[in-house]
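The values are calculated or read from the model by the stated rules, or taken from the named source; none is laboratory data. Quick caveat: nothing in here was measured; it's all calculated off a predicted structure. Glycine gets a Cβ as well: all are built from the backbone with ideal geometry, and neighbour counts include every protein chain shown.
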Amino acid sequence: MTAHGAEHRHGYAKYLVVAVVLTVITIIEIVIPSRPEIRDALTRPGVVASLLVLSFVKGIGVVAYYMHLREDSRLFTALFMFPFIIASSIVLILFFIFTLSGA
Amino acid sequence: MSSPSHVEHEHHSSTGLDNRKLAVWAFLGSETMFFGCFILVMLINKHNTLGGQGQEILDLALTSVTTFVLLTSSLSMVLSLAAFRNGSIVWGRIWLGLVILMGIVFLGGQVYEFSEFVHHGLTPSTNLFGASFFTLVGFHGAHVAIGVLWLTTVFVYSYRGRFKSGSDMWGIEFVGLYWHFVDLVWVAIFTLIYLV
């Protein structure tokens, strides 16, 4: 086995591990709002917060490992994260403005 | 004399990075803003149903299945790129074919979901919830459809001598970036619209 071949075999395993983690997180995400006992225990803010955190972790997994941003130039990270931060901030701010104003 | 593909490989840029890759990431950044706007509108109009159909019409079971399909297609996509880079053209094509197949399955699920909603009285003109939902999920579906077409093109190119070991893999890499982004958007939509 060459070093090059070993690296790619290692790459396959890494992606499978990420896939398993993403699947487990997705299952947890589905279970949390579906089970009344979990929903009641966490209360609505807890359910929302946990789902947001879990989906954020999934997003990081996809971007960092599947899209290889972790191994690539920081400029690519900046090109993607800058508008992502702007979009997320706008969504959060306007969402709270609209919900608090009752519009 | 250098072949056109060899000239492509020697393309220099001030950043030292592939300008095509920079363009794709900039495009994905703009798409983040694009979908962010639609997600915001959907969140605001989640309860604007005017007494008509709303969030209760959403089928979590069906959408969970399609979500798993799309998630698995992302795995297949990254395995395809890894296979092509490793010189395993056959496996590269197999994984790529699976991505296309799963993309079509996802689209089928979306079409079924939309038709069921219309059958039960929710259309884009029913209320703001309907308008927002069909716009957001419809645009995402359009992106998936474009991705399937793009993937099919790349799949055909793989039979024309492209993506051989040692050659430039940007054709697969860029469609892969697009496809993973489409999956990423669905992660957000699934969580914010179907689960929350």
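In region B:27-58, how many are small (Gly, Ala, Ser), buried (at least 16 other Cβ atoms within 10 Å of the Cβ) and modelled with pLDDT of 85 or more? I'd like the intermediate steps shown before the answer.
The first filter runs over region B:27-58 and keeps only residues small (Gly, Ala, Ser), leaving B:29-30, B:36, B:51-52, B:54.
Next cut, buried (at least 16 other Cβ atoms within 10 Å of the Cβ) only: B:29, B:36, B:54.
Still in the running and modelled with pLDDT of 85 or more: B:29, B:36.
So the answer is 2.
Those residues that are aromatic (Phe, Trp, Tyr), within 9 Å of chain A (Cβ to nearest Cβ) and closer than 26 Å to B:Ala131 by Cβ, I need them from region B:19-39; list them, please.
Passing the criteria: B:Phe34, B:Phe35.
For (1) among the hydroxyl-bearing types (Ser, Thr, Tyr); (2) touching a helix residue (DSSP H, G or I) at 6+ places or on another chain (Cβ under 8 Å); (3) more than 14 Å from chain A (Cβ to nearest Cβ); (4) crowded, with 22+ Cβ neighbours inside 10 Å, each residue gets a yes or a no:
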{"residue": "B:Thr152", "(1), (2), (3), (4)": "yes, yes, yes, no"}
{"residue": "B:Ser158", "(1), (2), (3), (4)": "yes, yes, yes, no"}
{"residue": "B:Arg162", "(1), (2), (3), (4)": "no, yes, yes, no"}
{"residue": "B:Asp168", "(1), (2), (3), (4)": "no, yes, yes, no"}
{"residue": "B:Leu184", "(1), (2), (3), (4)": "no, yes, no, yes"}
{"residue": "B:Val187", "(1), (2), (3), (4)": "no, yes, no, yes"}
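Can you name the residue in region A:76-85 that is surrounded by 14 or more Cβ atoms within 10 Å (Cβ to Cβ) and either touching a helix residue (DSSP H, G or I) at 6+ places or on another chain (Cβ under 7 Å) or touching a residue at least 12 places away in the same chain (Cβ under 8 Å) (or both) and is also farthest from B:Thr15 (Cα to Cα) among such residues? I'd like the intermediate steps shown before the answer.
The initial filter retains those residues of region A:76-85 that are surrounded by 14 or more Cβ atoms within 10 Å (Cβ to Cβ), namely A:76-77, A:79-81, A:83-84.
Pick out the ones that are also either touching a helix residue (DSSP H, G or I) at 6+ places or on another chain (Cβ under 7 Å) or touching a residue at least 12 places away in the same chain (Cβ under 8 Å) (or both) and you get A:76, A:79-80, A:83-84.
Numbers: A:Phe76: 11, A:Leu79: 13, A:Phe80: 16, A:Pro83: 20, A:Phe84: 22 Å.
This residue is A:Phe84.
Among the residues of region B:105-127, how many are assigned to a helix (DSSP H, G or I), crowded, with 17+ Cβ neighbours inside 10 Å and of a type in the set (A, V, I, L, M, F, W, C)? Can you show your working first?
Pass one, region B:105-127, residues assigned to a helix (DSSP H, G or I): B:105-119.
Within this subset, residues satisfying the condition of being crowded, with 17+ Cβ neighbours inside 10 Å are B:106-107, B:109-110, B:113-114, B:117.
Checking the rest, the ones that are also of a type in the set (A, V, I, L, M, F, W, C) come to B:106-107, B:114, B:117.
Result for region B:105-127: 4.
Scanning for something free of Cβ contacts under 8 Å to residues at least 40 places away in the same chain and more than 10 Å from chain A (Cβ to nearest Cβ), does region B:55-76 turn up at least one residue?
Within region B:55-76, one or more residues are free of Cβ contacts under 8 Å to residues at least 40 places away in the same chain and more than 10 Å from chain A (Cβ to nearest Cβ).
Sort out which residues of region B:77-109 are over 18 Å from the mean Cα position of the chain (by Cα) and within 13 Å of chain A (Cβ to nearest Cβ), and write them in order of number.
If we filter region B:77-109 for residues that are over 18 Å from the mean Cα position of the chain (by Cα), which is where we start, we get B:82-94.
Selection gives B:Ala82, B:Ala83, B:Phe84, B:Arg85, B:Asn86, B:Gly87, B:Ser88, B:Trp91, B:Gly92.
With more than 30 Å from B:Ala26 (Cβ to Cβ), touching a residue at least 60 places away in the same chain (Cβ under 8 Å) and not hydrophobic (A, V, I, L, M, F, W, C) as the only criterion, which of B:Gly130, B:Gly108, B:Gly176 stands out? Working first, answer last.
On the way: B:Gly108 fails: touching a residue at least 60 places away in the same chain (Cβ under 8 Å); B:Gly176 fails: more than 30 Å from B:Ala26 (Cβ to Cβ).
On inspection, the qualifying residue turns out to be B:Gly130.
Only residues that are more than 7 Å from chain B (Cβ to nearest Cβ) and at pLDDT below 85: list them for region A:72-103, please.
Within region A:72-103, A:Leu92, A:Phe96, A:Ile97, A:Thr99, A:Leu100, A:Ser101, A:Gly102, A:Ala103 qualify.
State which residue is farthest from A:Phe76 (Cα to Cα) when the search covers only region B:1-26 and only residues that are modelled with pLDDT under 80 and in a helix (DSSP H, G or I). So that I can check it myself, show each step before the final result.
Within region B:1-26, the first condition is being modelled with pLDDT under 80, and the residues that meet it are B:1-15.
Next, only the ones that are in a helix (DSSP H, G or I) stay: B:4-9.
On the way: B:Pro4: 26, B:Ser5: 24, B:His6: 24, B:Val7: 24, B:Glu8: 20, B:His9: 19 Å.
My answer is B:Pro4.
Looking only at region B:40-54, how many residues end up being more than 10 Å from every other protein chain (Cβ to nearest Cβ), more than 23 Å from A:Ile30 (Cβ to Cβ) and of a type outside the set (S, T, N, Q)?
Qualifying residue count for the region: 3.
Test A:Glu37 against the criterion of being under 20 Å from the mean Cα position of the chain (by Cα), of a type in the set (Asp, Glu), assigned by TED's automatic domain parsing to the domain that holds A:Leu16 and part of a helix (DSSP H, G or I), and give yes or no. Don't jump to the end; show me each part of the working.
On the way: under 20 Å from the mean Cα position of the chain (by Cα): no; of a type in the set (Asp, Glu): yes; assigned by TED's automatic domain parsing to the domain that holds A:Leu16: yes; part of a helix (DSSP H, G or I): yes.
The answer is no for A:Glu37.
I'd like the full set of residues that are among the polar types (S, T, N, Q), farther than 16 Å from B:Leu192 by Cα and either within 10 Å of another protein chain (Cβ to nearest Cβ) or touching a residue at least 24 places away in the same chain (Cβ under 8 Å) (or both), limited to region A:21-53. Working first, answer last.
Pass one, region A:21-53, residues among the polar types (S, T, N, Q): A:23, A:26, A:34, A:43, A:50.
Filter once more, so that each one left must be farther than 16 Å from B:Leu192 by Cα: A:23, A:43.
Within region A:21-53, A:Thr23 is the sole residue that qualifies.
Counting just the residues of region A:54-69 that are without any contact (Cβ under 8 Å) to a residue 24 or more places away in the chain and surrounded by fewer than 19 Cβ atoms within 10 Å (Cβ to Cβ), which one comes out nearest to B:Leu17 (Cα to Cα)? First the steps, then the outcome.
Step one: of region A:54-69, the residues without any contact (Cβ under 8 Å) to a residue 24 or more places away in the chain are A:56, A:59-60, A:63-64, A:67-69.
Filter once more, so that each one left must be surrounded by fewer than 19 Cβ atoms within 10 Å (Cβ to Cβ): A:56, A:59-60, A:64, A:68.
Details: A:Phe56: 28, A:Gly59: 24, A:Ile60: 23, A:Ala64: 18, A:His68: 15 Å.
Per the stated criteria, the residue is A:His68.
Tell me the residue from A:Tyr15, A:Tyr65 that is facing chain B (nearest Cβ under 7 Å) and either in a helix (DSSP H, G or I) or under 19 Å from the mean Cα position of the chain (by Cα) (or both), please.
Numbers: A:Tyr65 fails: facing chain B (nearest Cβ under 7 Å).
When all the criteria are applied, what remains is A:Tyr15.
Write out, first by first residue and then by second, each pair whose Cβ atoms fall under 9 Å of each other, whose residues are 6+ apart or on separate chains, and whose first residue, in region B:82-103, is on the phi > 0 side of the Ramachandran plot while the second is basic (Lys, Arg).
B:Gly87/B:Lys164
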